[in-house]
Structures are given as C-alpha cells and as structure tokens.
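Peer 1: Next up is a structure, given as structure tokens.
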Amino acid sequence: MASILKMNLSGKRKQLYEGSSKILFEGPDSDTIIAHFKDEVTVASTNETIAVAGKGALNNRISEYLMLKLDSLGIATHFIKNINMREQLVRRLDVIPLQVVIRNVAAGDICTRFGMEEGVVLPKPIIEFFLKSTNLKDPLVTEDHIEAFGWAGAFEMEEIRNIAIRANDFLTGLFLGCGIRLIDFKLEFGRSFGHDFEQVIIADEITPDTCRLWDMKTNVKMDQEGVKLEGFPPDKGYLEIARRLGILPETSNVEELYS
Ligand code: CDP
C-alpha cells in the first residue's frame, strides 16, 4: 500500500493507455494495473469531450461496488481494491478484444440497425459481440468470426455467454430494487492464468458510462447518455445512481466526495 501511495504522490508512473474515461498506469507489481477514472464524457455524435466534475470519483465507487457484488456471487472480476478516490488496483489480464453488449430493452445501436423504437422490451436478453477496434469503428461480429480469427475460443465464448447472462440477471434485479431499469450494458473480458489453468474474468469497468440506466418511473436517462443528451450535472444522474445503490449518504454532493 505504501508503495502505491508513494507512486501516486510522486506521479512517476508509466502510463500504459489513455481512453475517453480512464487512464491506465503500471501497477506496483508486474501483474497489476492502476485504473484512473477521469472527469470526462465523450459525446459520440461529435466526438467532443465534456468535463463532468466528480464523475471519476463516482465511477470509481460504482464500479468497485458492482464488481465486488459480482465477485460475491462467484463471478470473477479483475478488481482488487480501490486505492484512492478516483483510482483502483486491478489485475493485469490478457485482454479478449471484444465488447460484449447485453440488451434487455431496445436503445441506441440496435434501434438504428433494425429500425426499432427506443424502449421496446426485447423478447429475451440479447447478447451481441463487437470487435474492439477504434480504426474499424468497433464492428458487430459473429461467433464464427471470433473463432475463425482466433479472438476467443469456443470454450471461452461459452464462459463469456454464461457470465454475461448471470451478470445481467443479477444487475437487473439489483437496479430494479432501487427504481432503475437496466436497459443494456457492456462487459469486457480477459484471461487470467493460474498455475495450470486459464480463467475468463470480467475486466474494464461497470459504470453509468457503460450501462444504459433509466429511472423506473419517468424513464429519465440517468447514465452517460443523460449527460450527453440532456446536459445533466452528475448530481442529477451518476450521483443519484450512487445514492440509490446506497454507496453514498443521502446528503452527500459532489464537493463532499473530495473532502
Ligand atoms: O451507445 P451506442 O448506441 O453507441 O451503442 P450500443 O451498442 O447501443 O451500446 C450498448 C451499451 O454498451 C450501452 O450501455 C453503451 O453505454 C455501452 N457501450 C460502451 O460502454 N462502450 C462502447 N464503446 C459502446 C457501447
């Protein structure tokens, strides 16, 4: 712990990657990474980045909470521990280059693709796979592509499907219990190597940046789409999600997150 704090204060850490919502740094050991959650949202339509004060701290807490809940069900994740308000220590994995989207209600890309109306409840949860490739704009891929091109094996895909369905069942119920509809969400996976076996585990983050979350009564978008489309300050969406999950006291506001 002391060495992590020292690294944070000195700022002398090797940056591995910077994305729209996180920066990844080398961790204190060769098999760990530090994920730093940024206060920014990227608007998909214009690629513009908007600063949203407090978002990094909220996402760090929300992802910690959801990953630990999944872990308690026996669903392994890369999360190890939070190390400060906006950073967490995670396991370094061999990343599977897929975005796995689980949909309960039609919204976003599936509406565009099939001309569906937003908000239609799907007859069953639908799992879709997208190749992680910014250059190719993350195209939709089939399991045949995934196997044929070696992005993941048949056994790994079975594991990924099972985990995605279990996580969806659990998270849908969890959010339902606090008046929120889980419309869809994205998971990423990686391979973790034990002594003589490989395990597929959940990587990346589970936050309102990677989930569509609508208020049950009003259908107001409480997630990143709400920030993008409706210009919410985080205390109208992300903060409310954290409060309803019971992660923050009723009275807290974004400023208190830093005190
Ligand atoms: O959000 P968009 O319409 O661009 O794509 P989608 O395929 O409808 O997104 C489905 C879900 O995956 C939403 O909850 C997104 O927030 C999430 N997602 C993500 O976290 N990262 C991406 N690069 C794409 C989608």
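The values are calculated or read from the model by the stated rules, or taken from the named source; none is laboratory data. All of these numbers come straight from a predicted model, not from anything done at the bench. Cβ atoms come from the backbone with ideal geometry, glycine included; neighbour counts cover every protein chain shown. Quick note on the areas: whole protein, heavy atoms, side chains included, nothing else; ligands and nucleic acids left out. Shrake-Rupley method; radii C 1.70, N 1.55, O 1.52, S 1.80 Å.
Peer 1: Under 1.5 on a/c is rounded, so check that first for the stretch 113-211, then, if it is not, pick prolate when a/b is larger than b/c and oblate when it is not; a ≥ b ≥ c are the square roots of the alpha carbon gyration tensor eigenvalues.
Peer 2: oblate
Peer 1: Using a Gaussian network model on the chain with a 10 Å cutoff between Cα atoms, which of 115, 177, 231 fluctuates the most?
Peer 2: 115
Peer 1: Measuring from centroid to centroid over Cα atoms, what is the spacing of the stretch 45-71 and the stretch 134-178 in Å?
Peer 2: So the two Cα centres are separated by 21 Å.
Peer 1: Using Cα springs under 10 Å in a Gaussian network model of the chain, which residue among 125, 139, 97 shows the largest mean-square fluctuation?
Peer 2: Per the Cα network of the chain with a 10 Å cutoff, 139 tops the list.
Peer 1: Where only protein heavy atoms count, and the probe is 1.4 Å, what is the accessible area per residue for the chain in Å²?
Peer 2: On a per-residue basis, the chain sits at 49 Å².
Peer 1: In addition: Give me the distance in nm between label points sitting 7 Å out from Cα along the Cα-to-Cβ direction at residue 18 and residue 149, one decimal.
Peer 2: 2.8 nm
Peer 1: Between residue 80 and residue 111, what FRET efficiency comes out of the Förster formula 1/(1 + (r/R0)^6) with R0 = 51 Å and r the beta carbon distance, rounded to 0.05?
Peer 2: That pair, residue 111 with residue 80, gives E of 0.85.
Peer 1: Let me ask another. Which of the peptides 159-167, 32-40 is most tightly packed, and how do the rest follow, going by the mean number of other Cβ atoms within 10 Å of each residue?
Peer 2: Highest mean packing first, the order is 32-40, 159-167.
Peer 1: For the chain, what is the calculated [θ] at 222 nm in deg cm²/dmol (nearest 500), taking -39500 (n - 2.57) for each run of four or more DSSP H residues and dividing by its residue count?
Peer 2: One gets -9500 deg cm²/dmol as the mean residue ellipticity at 222 nm.
Peer 1: Report, ordered by chain and residue number, the lysines lying within cross-link reach of residue 217, taken as a straight Cα distance under 26 Å and ignoring same-chain residues fewer than 8 apart.
Peer 2: 55, 69, 124, 186, 228, 236
Peer 1: Right, here's the next one. With a 1.4 Å probe and all protein chains left in place, how much of the accessible area of the chain comes from carbon and sulfur atoms, in whole percent?
Peer 2: Here carbon and sulfur together make up 53 percent of the probe-accessible area.
Peer 1: Also, I was wondering about something else. What number, in nm² with one decimal, is the all-direction average of the projected area of the convex hull of the alpha-carbon atoms of the chain?
Peer 2: 14.9 nm²
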